[in-house]
Amino acid sequence: MKIYHDEIMRLAKCRDSSGRLDDGSHACLQNPLCGDECTLYVRLRDGLITAARHETRGCILCQAAVVRLIQLSRQTPSLAAMAELARAFDTALREGSALPPMLELFTPVAARRSRHRCVLLPYQALLQIAESSAERFLEPRA
Amino acid sequence: MMSATAASGHWRRQIPLLQRQPYHYLDNAATALMPAAVLDAVRDYDDRNRGNVGRGVHRFAEAADTVYSDARQTVAAALRAAEQEIIFTAGCTAGLNLLANALGQSLQPGDKVLLSLAEHHSNIVPWQIMAQRRGFTLHFAAPDGSGAGGRQLLTMIERYQPRVISIAHTTNVGGGTVDLALLAAAKPAKTLLVVDGAQYVPHHLPDLPASGADFYVFSGHKCYAPNGIGVLWGRREQLEALPPVIGGGGAIAHVSSDGYGPAALPQRLEPGTPPVSPAVGLAAAMRWCGQLAAAEGAVLGLAQRLREGLRQLPHTHLLFDNAPPSPIVSFIVDGVHAHDICEVLADHEIAVRGGHHCAEPLMVHLGIGGCVRVSLAPYNNDADIDAVLLASEKAVRLLR
């Protein structure tokens, strides 16, 4: 099962970023094809993601994707940078080009058009947060 | 009489796609495969008789007129209906939208339309759109143990005295079948009964005038015909009473800058260039379906084998477990998303569907996010069932 490789399965089982954040921004998106539902919560300050959690009822790919997103937001907390990554992920899947290096683990999914939305759902949620947030105008402080 | 194995081989040999690439195709409730007879009929029309209908006098136009008229005649005969009562549409969704729009125009605040929670979105959303526009209310009956909208409907008919009941003949997740005669007898005379036959017709050809329905719709692509064609049947007096919803060429007797006069049935409800080659395919499919009664026992036998096998799998639960036999079998696995199960099955060359099957209200009612649906046709066989059971077992082991 190429798309369900060990790293994807490990991420999908990871629960340490599950939960809500009662203060901050959130976006809830659904995949009408399969019923995946992902709510992403982020706390923002000065253009930085200071905390992120999720409540996801979804397939393994969706679970893995949101956990990976939250991991990356800890490494690169800039909201603008994460939004850029989300757009690059979407474009790469649509165009069939190489995925951003940090998302290469999803490369087997690229050939499976029907599963793109499963992995993109959390990133689209992040984009929705970014586009509705006043923080998007802020460059993170050095 | 053929054995079940021989019978499925007989059907299977008629499906070119399965001959070219052996595959376990069990997603027939989404779209069925086309027999050679249907493919040949469509190709023959497009190769030899292609023209527009009701518009020209050249030989291609006359040939197209003839094949289109013959197609309607064949479909009508298969359903024991009058030709003028057979309206070709783009599909079941198109037919239901036409009816919701046309019937909805005469509904107003205080009027009620009765549906079931087991309906496909195509038999919910058009009514929701019209209800918002016109102010009438929708009421939903819970599905009964077979997964069909049944017993609670009878209670609600008495309570609400609806103007319209719109219901699936066979539901697309539970596979339960409603007793239309019972519904027709229970409803007030002035209540219209609209029936979505998308999942019934692939397995049985209904006698529409005797069914109790006032209107009946189904799609071609689910009953072994091409995409882009469906049927809306209505009792003649009901069709005559439908107000116009969409208009265009072919549906009129005359047009001036001041107005228009409608054409007679059925053309009045078929504006625009009709789906001629899909209609030819549908007629060929209806002829092919005439043999299907012989396959019913074998198909239900396979479904029963599948249910028994799934019951043995750990953490696996059938939906509507006590339902009468049906070609549709749906199940869930604790803690595993339906899409993931389908992915494992797809990896083993098995086509099934996972998700909410355009039946989100039913999923909410059942308290689940989605399920896996296996849907059978006469060309399925024991090897298909063996494959599903083996791969499902693997999926449970891998994904739990």
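The values are calculated or read from the model by the stated rules, or taken from the named source; none is laboratory data. Bear in mind that the values here come from a model prediction, so they are computed numbers and not experimental data. Glycine gets a Cβ as well: all are built from the backbone with ideal geometry, and neighbour counts include every protein chain shown. For accessibility, only protein heavy atoms count, side chains too; no ligands or nucleic acids. Shrake-Rupley method; radii C 1.70, N 1.55, O 1.52, S 1.80 Å.
Per the listing B:V67, B:V42, B:V75, B:V57, the residue uniquely open to solvent by less than 20 Å² (accessible area, probe 1.4 Å) and either farther than 30 Å from B:R133 by Cβ or outside any loop (DSSP other than H, G, I, E, B) (or both) is B:V75. Here is a check on your reading of the model: is B:R373 buried (at least 22 other Cβ atoms within 10 Å of the Cβ), touching a residue at least 40 places away in the same chain (Cβ under 8 Å), out of contact with any Cys (no Cβ under 8 Å at 6 or more places or on another chain) and of a type in the set (D, E, K, R)? Here the answer is yes, as B:R373 does meet what is asked. Looking only at residues in the range B:198-218 that are open to solvent by less than 10 Å² (accessible area, probe 1.4 Å) and not in a loop (DSSP other than H, G, I, E, B), the one that is farthest from B:E237 (Cα to Cα) is B:F218.
Answer yes if at least one residue in the range B:133-146 is in a helix (DSSP H, G or I) and open to solvent by 10 Å² or more (accessible area, probe 1.4 Å), and no otherwise.
Residues of the range B:133-146 that are in a helix (DSSP H, G or I), as a first pass: B:133-134.
Remaining after also requiring open to solvent by 10 Å² or more (accessible area, probe 1.4 Å): B:133-134.
There is at least one residue in the range B:133-146 that is in a helix (DSSP H, G or I) and open to solvent by 10 Å² or more (accessible area, probe 1.4 Å).
Which residue out of B:S392, B:S326, B:S330 is within 14 Å of chain A (Cβ to nearest Cβ) and polar (S, T, N, Q)?
Details: B:S392 fails: within 14 Å of chain A (Cβ to nearest Cβ); B:S326 fails: within 14 Å of chain A (Cβ to nearest Cβ).
The conditions single out B:S330.
Please indicate, with yes or no, whether at least one residue in the range A:36-56 is facing chain B (nearest Cβ under 9 Å), modelled with pLDDT under 95 and either part of a loop (DSSP other than H, G, I, E, B) or touching a strand residue (DSSP E or B) at 6+ places or on another chain (Cβ under 7 Å) (or both). Step through it out loud before you land on a result.
Residues of the range A:36-56 that are facing chain B (nearest Cβ under 9 Å), as a first pass: A:36-37.
After this cut, where a residue has to be modelled with pLDDT under 95 as well, the list is A:36-37.
Still in the list and also either part of a loop (DSSP other than H, G, I, E, B) or touching a strand residue (DSSP E or B) at 6+ places or on another chain (Cβ under 7 Å) (or both): A:36-37.
For the range A:36-56, residues facing chain B (nearest Cβ under 9 Å), modelled with pLDDT under 95 and either part of a loop (DSSP other than H, G, I, E, B) or touching a strand residue (DSSP E or B) at 6+ places or on another chain (Cβ under 7 Å) (or both): present.
If you check A:R15 against the conditions, is it more than 14 Å from every other protein chain (Cβ to nearest Cβ) and either open to solvent by 10 Å² or more (accessible area, probe 1.4 Å) or assigned to a loop (DSSP other than H, G, I, E, B) (or both)? Taking the combined requirement at face value, the residue does not satisfy it. Going residue by residue through the range B:336-350, is there one that turns out to be over 23 Å from B:T31 (Cβ atoms), open to solvent by 10 Å² or more (accessible area, probe 1.4 Å) and within 14 Å of chain A (Cβ to nearest Cβ)? Yes, because at least one residue in the range B:336-350 is over 23 Å from B:T31 (Cβ atoms), open to solvent by 10 Å² or more (accessible area, probe 1.4 Å) and within 14 Å of chain A (Cβ to nearest Cβ). The set of residues from the range A:78-109 being under 12 Å from the mean Cα position of the chain (by Cα), buried (at least 19 other Cβ atoms within 10 Å of the Cβ) and free of Cβ contacts under 8 Å to residues at least 40 places away in the same chain comprises A:L85, A:F89, A:L103.
Scan the range B:234-282 for residues that are among the β-branched types (V, I, T), free of Cβ contacts under 8 Å to residues at least 12 places away in the same chain and in a helix (DSSP H, G or I) and the total you get is 0.
Of all the listed residues (A:Q124, A:Q63, A:Q71), the sole one being modelled with pLDDT of 95 or more, within 25 Å of B:R353 (Cα to Cα), away from chain B (no Cβ under 14 Å) and part of a helix (DSSP H, G or I) is A:Q124.
Can you name the residue in the range B:219-264 that is β-branched (V, I, T) and under 20 Å from the mean Cα position of the chain (by Cα) and is also surrounded by the fewest Cβ atoms within 10 Å (Cβ to Cβ) among such residues?
Here the answer is B:I229.
If I ask for residues that are outside any helix (DSSP H, G or I), over 20 Å from A:P32 (Cα atoms) and not hydrophobic (A, V, I, L, M, F, W, C), which ones from the range B:350-400 would you list?
B:S375, B:P378, B:Y379, B:N380, B:N381, B:R400
Applying the condition of being open to solvent by 60 Å² or more (accessible area, probe 1.4 Å) and of a type in the set (K, R) to the range B:282-335 and asking which residue is farthest from the chain's Cα centre (by Cα) yields B:R311.
Scanning the range B:82-132 for residues that are over 16 Å from B:V245 (Cα atoms), open to solvent by less than 30 Å² (accessible area, probe 1.4 Å), in a loop (DSSP other than H, G, I, E, B) and hydrophobic (A, V, I, L, M, F, W, C) yields B:A118, B:I124.
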